[in-house]
1. Being assigned to a helix (DSSP H, G or I) and under 25 Å from residue 102 (Cβ atoms) is the filter here, so list the residues in region 18-50 that pass it.
2. Using the structure shown, decide if residue 91 is of a type outside the set (S, T, N, Q) and part of a loop (DSSP other than H, G, I, E, B).
3. Which of the residues spanning region 79-93 are under 19 Å from residue 25 (Cβ atoms), open to solvent by 30 Å² or more (accessible area, probe 1.4 Å) and hydrophobic (A, V, I, L, M, F, W, C)?
4. Tell me, which residue of region 94-110 that is touching a strand residue (DSSP E or B) at 6+ places or on another chain (Cβ under 8 Å) and assigned to a helix (DSSP H, G or I) is least open to solvent (accessible area, probe 1.4 Å)?
5. Could you look through region 51-68, keep only residues that are in a helix (DSSP H, G or I) and over 22 Å from residue 81 (Cβ atoms), and pick out the one that is most open to solvent (accessible area, probe 1.4 Å)?
6. Which residue is surrounded by the fewest Cβ atoms within 10 Å (Cβ to Cβ), if the candidates are limited to region 1-46 and must be among the β-branched types (Val, Ile, Thr) and free of Cβ contacts under 8 Å to residues at least 60 places away in the same chain?
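The values are calculated or read from the model by the stated rules, or taken from the named source; none is laboratory data. Bear in mind the structure is a predicted one, so any value in this text is a computation, not a measurement. Glycine gets a Cβ as well: all are built from the backbone with ideal geometry, and neighbour counts include every protein chain shown. When the accessible area is computed, the model is the full protein with side chains, heavy atoms only, and any ligands, DNA or RNA have been set aside. Shrake-Rupley method; radii C 1.70, N 1.55, O 1.52, S 1.80 Å.
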Amino acid sequence: VTIAREHMAIEDQRLMEARDVLFIDTNALTTLFYSYYYNGAARRALHEIAETCLERYDYSFVCDADIPFEQDGWRDTAELRTKSQRMVLMDLNARRVAYVTVSGSIEARAAKVTRAIAAPSPPA
């Protein structure tokens, strides 16, 4: 709960500093997933914070897992990445959150995100 609240406070602060676009790498929904993964449960308050993510962002982009996994000392395992990817997609679909999957090279991903943001309105 503390992590999710602090993360959102930092988002709010950075939003005030952003020029046109603010990219968020992770959010309270991700924190909720990891709470279940590492603790086997999540507090009700975390669920409530995670629910706010449904209205908080204009776009949702999901990075495909087609870039090779690299352990940097902070990441868990390649298996968790695969499992997390499936959980995120299942959750977004269950919540009916529109998202764009980006894959391929970094350049291809950036181009797809740029096109999506430049479109007249967010995906429905």
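1. 28, 29, 30, 31, 32, 33, 34, 37, 50
2. No.
3. The answer is 87, 88, 89.
4. Only one residue fits best here, namely 109.
5. 55
6. Within region 1-46, the subset among the β-branched types (Val, Ile, Thr) is 1-3, 10, 21, 24, 26, 30-31.
If we keep only those that are free of Cβ contacts under 8 Å to residues at least 60 places away in the same chain too, we end up with 1-3, 10, 24, 26, 30-31.
Working: 1: 16, 2: 9, 3: 15, 10: 11, 24: 18, 26: 11, 30: 20, 31: 21.
Filtering region 1-46 for residues that are among the β-branched types (Val, Ile, Thr) and free of Cβ contacts under 8 Å to residues at least 60 places away in the same chain, the one surrounded by the fewest Cβ atoms within 10 Å (Cβ to Cβ) comes out as 2.
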